[in-house]
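The values are calculated or read from the model by the stated rules, or taken from the named source; none is laboratory data. Just so it is clear, the model here is predicted, and its values are computed rather than measured. Every residue, glycine as well, gets a Cβ built from its backbone with ideal geometry; the counts of neighbours run over all protein chains shown. Side chains are part of the model used for accessible areas, which takes the heavy atoms of the whole protein and leaves out ligands, DNA and RNA. Shrake-Rupley method; radii C 1.70, N 1.55, O 1.52, S 1.80 Å.
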Amino acid sequence: MSEYRIDREHLAALARREAERFAATHPKSAELASQARPHLLSGVPMHWMSDWGTPFPLFVSSAAGNRLVDVDGHEYLDFCLGDTGAMFGHSPAPVAAAISQHATGGYTSMLPSPDAARVGALLAERFGLPVWQVCTSATDANRFVIRWARALTGRDKILVFDGCYHGTADDTLVRLHGGDTVPRPGLVGQVYDLAAHTVVAEFNDLAGVEALLARGDVAAVLTEPALTNIGMVLPEPGFIEGLRALTEHYGALLILDETHTISAGWGGWSGELRVVPDLLTLGKPVAGGLPAAVFGMSRAVAKRAEAFLAQKEAGHSGMGTTLSANLFTLAAMRANLESVMTPNAYATMQDTAAYLAERLTALFDQHRLPWCVTQIGARCEFQFCAERPRTGREAEAAMDHELEAALHLYLLNRGVLITPFHNMTLCAPDTRRSDVDRLVDALGEALVELAD
Ligand SMILES: Cc1ncc(COP(=O)(O)O)c(C=O)c1O
């Protein structure tokens, strides 16, 4: 059997046909798009929402469990799940109940509610870090831990990995180019030199990390345990443990961003590996998809932070946001941690995701496609390369945005939603094997159509 080849003309024709099909079958979304255009930048509440590969935005009317319904009445199997915000399903019942219960009890007060202490204890039990803070987005959590790391070590540099994404925290919006730290392409309004306070290493390159740490000016290494935003890059055995040892040796702090790798298990990836970082950040699903995030710290870091606060001059710390840890969010977070993000939910999600990974692998084998599939608990990614990438650069080289956009639109037109900008899928507790079958079968039909 000959190797599968994508015919580029077929691909362009398929993309055109699918765009026409989308336009014809989504008249209400089209109408809302034209109503929104005059008063919303790029016609959407956040400009990047227009970057999905649809001819105009898909407007959502409701979502529940692993299903989403658009304004034209089409139902989708949702494998995007708000890019992890709804990883445990849309409107999980315990969170919905907590929200209803608190609907008339006030939303925000700049003061803690009784749920605060319980949330801290639940987080400490789950992640093995004893002290926590609550904020409003994973971006903020990362911004704040970077501040803490700099304040506590008295060093100015942050070390991140090429291909990382930690939200829009400015210090992390960098790439590695010819050995230099450069701004990510495409940034809007970037005026100061990001390389002044950030250094970048290749993922899975402990020697490179050590060379940078040895300079003695790195406050913290900030990383996801696996890169999940440039396709997917798994850590090689010993890499995260190596970061733990090197940061300790050179007096830097280790920050693990578990916002996506929380898919790995009940205690995140670090819980599975039993590596305890100095600081840990987590946003997106932590309050069931409401805007909320948390960051945790070791006892040693917390002691240093308390001492720092006790002696610092009066004035704003640079960490805030008025709505952080509001009454409503704390109630939702408590319900979510107690009753939704449970070991049982993880067992179901991981089992379904393993089935998805198996079926995708079999599909690509059947078509003799040199594509790989990687699973992190409830999360799967397929990449257009035979070998799993070792670095962000390798992962980026495997991307094919034209192909990816056409496949995503083909799936969307057949009632299946996967995460835009790469080939990421999440299985919620409600996702069934029959839902996985629908995804893989539809993808298989697209591959048959695209075969040269
Ligand atoms: C690993 C990681 N950290 C942080 C963030 C930022 O999350 P948010 O956009 O909710 O601030 C993201 C977003 O994709 C992420 O993938």
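Selection over the range 429-452 of residues that are open to solvent by 10 Å² or more (accessible area, probe 1.4 Å) and not in a helix (DSSP H, G or I) gives a count of 5.
Is it the case, given these coordinates, that Asp115 is farther than 30 Å from Phe328 by Cβ and in contact with a Lys or Arg (Cβ under 7 Å, 6 or more places away or on another chain)? No, not satisfied. In the range 104-115, is there at least one residue being of a type outside the set (A, V, I, L, M, F, W, C) and within 16 Å of the ligand (Cβ to nearest atom)? No, the range 104-115 contains no residue that is of a type outside the set (A, V, I, L, M, F, W, C) and within 16 Å of the ligand (Cβ to nearest atom). Could you tell me whether the range 162-185 includes any residue that is aromatic (Phe, Trp, Tyr) and farther than 30 Å from Cys372 by Cα? The answer is no, given that none of the residues of the range 162-185 is aromatic (Phe, Trp, Tyr) and farther than 30 Å from Cys372 by Cα.
What do you reckon, is Ile376 closer than 27 Å to Ala19 by Cβ and within 17 Å of the chain's Cα centre (by Cα)? In short, no. Among the residues of the range 151-163, those identified as under 16 Å from Ala220 (Cα atoms) and either part of a strand (DSSP E or B) or within 16 Å of the ligand (Cβ to nearest atom) (or both) are Lys157, Ile158, Leu159, Val160, Phe161, Asp162. Residue count for the range 298-328 under the criterion of being open to solvent by less than 60 Å² (accessible area, probe 1.4 Å), touching a Pro at 6+ places or on another chain (Cβ under 9 Å) and not polar (S, T, N, Q): the result is 3. Beta carbons closer than 7 Å, at least 6 apart along the sequence or on distinct chains, pair a first residue in the range 347-367 that is more than 11 Å from Gly444 (Cα to Cα) with a second that is assigned to a helix (DSSP H, G or I) and open to solvent by less than 10 Å² (accessible area, probe 1.4 Å) for Thr352/Val436; Tyr355/Val436; Leu356/Val436. Of everything listed in (1) in contact (Cβ under 8 Å) with a residue 60 or more places away in the chain; (2) open to solvent by less than 40 Å² (accessible area, probe 1.4 Å); (3) within 23 Å of Ile6 (Cα to Cα), the single unmet condition for Val373 is (1).
In the range 164-181, the residue that is nearest to the ligand (Cβ to nearest atom) out of those that are open to solvent by 60 Å² or more (accessible area, probe 1.4 Å) and touching a residue at least 24 places away in the same chain (Cβ under 8 Å) is Tyr165.
Among residues of the range 71-88 being out of contact with any Leu (no Cβ under 8 Å at 6 or more places or on another chain) and farther than 17 Å from Arg433 by Cα, the one that is farthest from the ligand (Cβ to nearest atom) is Gly73. For Arg143, state whether it is surrounded by fewer than 20 Cβ atoms within 10 Å (Cβ to Cβ), within 25 Å of Asp83 (Cβ to Cβ) and either within 15 Å of the ligand (Cβ to nearest atom) or touching a residue at least 24 places away in the same chain (Cβ under 8 Å) (or both). No; evaluated as a whole, the condition is false for this residue.
Restricting the search to the range 221-260, which residues are more than 21 Å from Cys80 (Cα to Cα) and among the small types (Gly, Ala, Ser)?
Once the filter is applied, which keeps residues that are more than 21 Å from Cys80 (Cα to Cα) and among the small types (Gly, Ala, Ser), the range 221-260 yields Gly238, Gly242, Ala245, Gly251, Ala252.
Hey, could you check the range 122-140 for residues that are of a type outside the set (A, V, I, L, M), away from the ligand (no atom under 16 Å from the Cβ) and within 27 Å of Leu111 (Cβ to Cβ) and say which is most open to solvent (accessible area, probe 1.4 Å)? My answer is Glu125.
Of the residues Leu206, Leu213, Leu227, the single one that is in contact with a helix residue (DSSP H, G or I) (Cβ under 8 Å, 6 or more places away or on another chain) and crowded, with 24+ Cβ neighbours inside 10 Å is Leu227.
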